[in-house]
Amino acid sequence: MRGKHIPMRTCVGCGVISPKKTLLRLVLTTENGLKFDPTGKFPGRGFYICPKVACLEKAIKNKNWVKKFNILLSPDLISALREAIEKEEGKVGQG
Ligand SMILES: [Zn+2]
């Protein structure tokens, strides 16, 4: 497969650009609520975050993207993300 394009996305926490498949996807719903999309296939405006607790904390504190897109970061979303991230970090820890 020549010239294979790897889709890259920016983390809303640290701002680093990484391959899309290494990031967790969030999708903006019609109510401006953000939903965690583990499948990466939910239709809508997508946001991406590294599977790191540090990035989640940065994303929560970083009001720029939240204001720009008029996003509501619900406690439910934050806990769902934290759970997913901890699972990812656990995998990495096991090598
Ligand atoms: Zn990040």
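Remind me, what semi-axes does the chain give for its equivalent ellipsoid, largest first in whole Å, using sqrt of 5 times each Cα gyration tensor eigenvalue?
Rounded to whole Å, the semi-axes are 21, 18, 13.
Please find, in a Gaussian network model of the chain (springs between Cα atoms separated by less than 10 Å), the residue of Lys68, Lys52, Lys41 whose mean-square fluctuation is greatest.
Lys68
Report the full-extension gain for the segment Asp37 to Lys4: residue separation times 0.36 nm, less the Cα-Cα distance, to one decimal in nm.
9.4 nm
Find, among the chymotrypsin sites (Phe, Trp or Tyr not before Pro) in segment 19-95, those assigned to loop by DSSP (not H, G, I, E, B) with at most 15 other beta-carbon atoms within 10 angstrom.
Phe69
Restricting to bridges with both residues inside the chain, how much of the DSSP beta-bridge set is antiparallel, in percent to the nearest 5?
85 percent
Near Lys35, which lysines are there with a Cα under 19 Å away, not counting those fewer than 8 places off in the same chain?
Straight-line reach from Lys35, under 19 Å: Lys20, Lys21, Lys52, Lys58, Lys61, Lys63, Lys67, Lys68, Lys87.
Nearest 20 debye, what's the magnitude of the dipole of the chain about its Cα centre given +1 on Lys and Arg Cβ and -1 on Asp and Glu Cβ?
So the magnitude is around 500 debye.
No lab work stands behind these numbers, since they all come straight from the coordinates. Keep in mind it's a predicted model, so treat the numbers as computed, not measured. Glycine gets a Cβ as well: all are built from the backbone with ideal geometry, and neighbour counts include every protein chain shown.
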